[in-house]
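J.: Can you read through this structure? Questions will come right after.
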Amino acid sequence: MTTSHWSHPGTRAAFWDGVRDTLAVVPSYLPFALVCGVASVNAGLSTSAAVALPALVFAGSSQAVLTQFIQSSASLWVAILSGCVINLRMAVYSAALSPKVKQFSTGERMLIAAFLIDNSFAFMQKRELANPKDPHLIAYYAGLTAVFWPSWLLFCMVGIFAGNIVPASWQLEFAIPLSFIAILAGSVRSVPMGAAAAVGGLASIVLFALPLKLGLVAACLAGLLAGLVMEKGVQWWTTRKAG
Amino acid sequence: MDNTQSWIVVLGLAVGTFLIRYSFIGLLADRTMPHWLDRALKLMVPAIFAAIVLGGVVMVGGQVADLTQWPRYAAAAVAFIVAIASRGSILGTVIAGMAVLHGLPWLLR
């Protein structure tokens with residue numbers, strides 16, 4: 001995007017829309033970011049790498065998983081692989097955004113890709129629903145990112161540098177699974193998704209002892225399989241009822 | 001874990017995550033995502049999150065938390081109800097869960 005694009009009043013308005021929308025939800029992810037920061041140094045990550053984690057990865061769930069794997073002294077590669085599996089869902093966002101970034105250069109597209117997160121994608125979807133042919137969608141996304149990224153980094157850093165003030169007896173790490181309960185409740189929208197969640201959850205415990213600590217990856221695959229089977233089941237059931 | 005190892009995991013995850021994010025925006029920009037992959041990834045999301053939740057609630061230091069650690073289970077159960085009632089409010093769910101984790105044992109002391 002050239003500077004002339006940016007001077008367009010509609011572009012600027014969209015950018016500020018993004019800033020406003022994000023500011024409204026910043027408090028809701030504050031505890032999660034704090035805990036991610038605290039957990040990363042407690043797990044044994046060096047301070048500089050702990051700061052680089054939210055800055056470069058910028059995806060809370062995978063940050064938390066990476067931290068857990070480091071803490072349980074899994075091999076570095078299994079920790080990286082598990083974190084990447086957590087982020088595979090972003091390929092869906094990438095595919096959805098792809099037709100809207102055709103006019104951008106490779107460098108600009110890289111920049112757009114680098115900051116893609118669940119929250120931003122959800123906000124963009126909402127805006128698209130209200131205004132399907134919005135030419136300023138990426139400017140809106142820039143506005144979202146201009147708040148999300150620095151605030152996420154800042155909150156994580158507060159956790160990294162001030163987290164030790166919180167006594168261990170508070171069990172602050174427990175806020176991570178609690179945060180995911182909220183995310184999970186928002187992400188199950190069909191019976192097959194429910195089946196995937198149930199089997200994925202149970203499998204994570206049953207498969208915990210798997211060699212190389214590949215239990216999380218295996219649990220995701222088990223959940224996926226259960227979801228696919230349930231999809232077929234639902235299909236069969238509806239055609240049977242229709243017939 | 002020393003500084004080099006720390007940076008290896010962080011950079012490894014950063015590069016991997018970037019490639020996923022850049023996949024259809026850049027690397028495969030001329031292709032549409034195959035339908036089966038789209039379906040599979042969407043089903044994987046709840047599986048992933050549920051695995052993180054149950055692992056985080058049930059496992060403590062590599063062991064299944066027994067019933068002496070019941071506040072964890074009580075907190076998770078209340079958090080689950082709050083999450084559904086609030087339609088996925090992270091702040092509300094975390095506050096409710098942490099309140100039960102610490103408040104209930106204190107009340108029953």
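J.: Tally up the residues in the range A:69-88 that are in contact (Cβ under 8 Å) with a residue 24 or more places away in the chain and within 16 Å of the chain's Cα centre (by Cα), please. Can you show your working first?
T.: At the first step, the residues of the range A:69-88 found to be in contact (Cβ under 8 Å) with a residue 24 or more places away in the chain are A:69-72, A:74-75, A:78, A:81-83, A:85-87.
Then keep just the ones that are within 16 Å of the chain's Cα centre (by Cα); that gives A:81-83, A:85-87.
Total meeting the criteria: 6.
J.: Mind checking which residues of the range A:53-72 are closer than 18 Å to A:ARG89 by Cα, outside any helix (DSSP H, G or I) and out of contact with any Phe, Trp or Tyr (no Cβ under 8 Å at 6 or more places or on another chain)?
T.: Answer for the range A:53-72, where residues must be closer than 18 Å to A:ARG89 by Cα, outside any helix (DSSP H, G or I) and out of contact with any Phe, Trp or Tyr (no Cβ under 8 Å at 6 or more places or on another chain): just A:ALA59.
J.: A further question follows. With on the phi < 0 side of the Ramachandran plot, part of a helix (DSSP H, G or I), within 7 Å of chain A (Cβ to nearest Cβ) and of a type outside the set (A, V, I, L, M, F, W, C) as the only criterion, which of B:GLY56, B:GLY92 stands out? Before the answer, list the steps.
T.: Details: B:GLY92 fails: within 7 Å of chain A (Cβ to nearest Cβ).
Unique residue meeting the criteria: B:GLY56.
J.: Exactly one condition in (1) at the interface with chain B (Cβ under 8 Å from one of its Cβ atoms); (2) touching a Cys at 6+ places or on another chain (Cβ under 9 Å); (3) over 25 Å from B:GLY88 (Cα atoms) is not met by A:ILE80; state its number.
T.: Going through the list (1) at the interface with chain B (Cβ under 8 Å from one of its Cβ atoms); (2) touching a Cys at 6+ places or on another chain (Cβ under 9 Å); (3) over 25 Å from B:GLY88 (Cα atoms), A:ILE80 breaks only (2).
Conditions (1) at positive phi; (2) open to solvent by less than 50 Å² (accessible area, probe 1.4 Å); (3) more than 7 Å from every other protein chain (Cβ to nearest Cβ), marked per residue:
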site: A:PHE32; (1), (2), (3): no, yes, no
site: A:GLY37; (1), (2), (3): no, yes, yes
site: A:VAL57; (1), (2), (3): no, yes, no
site: A:SER73; (1), (2), (3): yes, no, yes
site: A:CYS84; (1), (2), (3): no, yes, no
site: A:MET90; (1), (2), (3): no, yes, no
site: A:ALA95; (1), (2), (3): no, yes, no
site: A:PHE121; (1), (2), (3): no, yes, yes
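J.: Of the residues in the range B:1-31, how many are more than 7 Å from chain A (Cβ to nearest Cβ) and among the β-branched types (Val, Ile, Thr)?
T.: Going through the range B:1-31 one residue at a time, the tally reaches 2.
J.: Evaluate the range A:140-153: report whether one residue or more is touching a helix residue (DSSP H, G or I) at 6+ places or on another chain (Cβ under 9 Å), open to solvent by 20 Å² or more (accessible area, probe 1.4 Å) and more than 24 Å from A:GLY37 (Cα to Cα).
T.: Yes.
J.: Something else now. Is it true that B:ALA14 is open to solvent by less than 20 Å² (accessible area, probe 1.4 Å), at pLDDT 95 or above and assigned to a helix (DSSP H, G or I)? If you could, list the steps in order and put the result at the bottom.
T.: Working: open to solvent by less than 20 Å² (accessible area, probe 1.4 Å): yes; at pLDDT 95 or above: yes; assigned to a helix (DSSP H, G or I): yes.
Yes.
J.: Among the residues of the range B:68-85, is any open to solvent by 30 Å² or more (accessible area, probe 1.4 Å), in contact with a Gly (Cβ under 8 Å, 6 or more places away or on another chain) and more than 7 Å from chain A (Cβ to nearest Cβ)? Steps first, please.
T.: Start the filter on the range B:68-85 by keeping residues that are open to solvent by 30 Å² or more (accessible area, probe 1.4 Å), which leaves B:68-70, B:73, B:77-78, B:80-82, B:84-85.
Then keep just the ones that are in contact with a Gly (Cβ under 8 Å, 6 or more places away or on another chain); that gives B:78, B:82.
Next, from what is left, pick out any that are more than 7 Å from chain A (Cβ to nearest Cβ): B:78, B:82.
Yes.
J.: Within the range A:160-176, can one find any residue that is at the interface with chain B (Cβ under 8 Å from one of its Cβ atoms), closer than 22 Å to A:ALA218 by Cβ and either open to solvent by 20 Å² or more (accessible area, probe 1.4 Å) or more than 18 Å from the chain's Cα centre (by Cα) (or both)?
T.: No, the range A:160-176 has no match at all.
J.: Could you please find all residues in the range A:97-119 being open to solvent by 20 Å² or more (accessible area, probe 1.4 Å), within 15 Å of the chain's Cα centre (by Cα), modelled with pLDDT of 90 or more and over 15 Å from A:GLY18 (Cβ atoms)?
T.: A:ALA114 - this is the single residue of the range A:97-119 that is open to solvent by 20 Å² or more (accessible area, probe 1.4 Å), within 15 Å of the chain's Cα centre (by Cα), modelled with pLDDT of 90 or more and over 15 Å from A:GLY18 (Cβ atoms).
The values are calculated or read from the model by the stated rules, or taken from the named source; none is laboratory data. From a predicted model like this one, the values you see are computed outputs, not experimental measurements. Heads up, the Cβs are rebuilt from the backbone with ideal geometry, glycines too, and the neighbour counts pull from every protein chain shown. Side chains included, ligands, DNA and RNA excluded: accessible areas come from the protein's heavy atoms. Shrake-Rupley method; radii C 1.70, N 1.55, O 1.52, S 1.80 Å.
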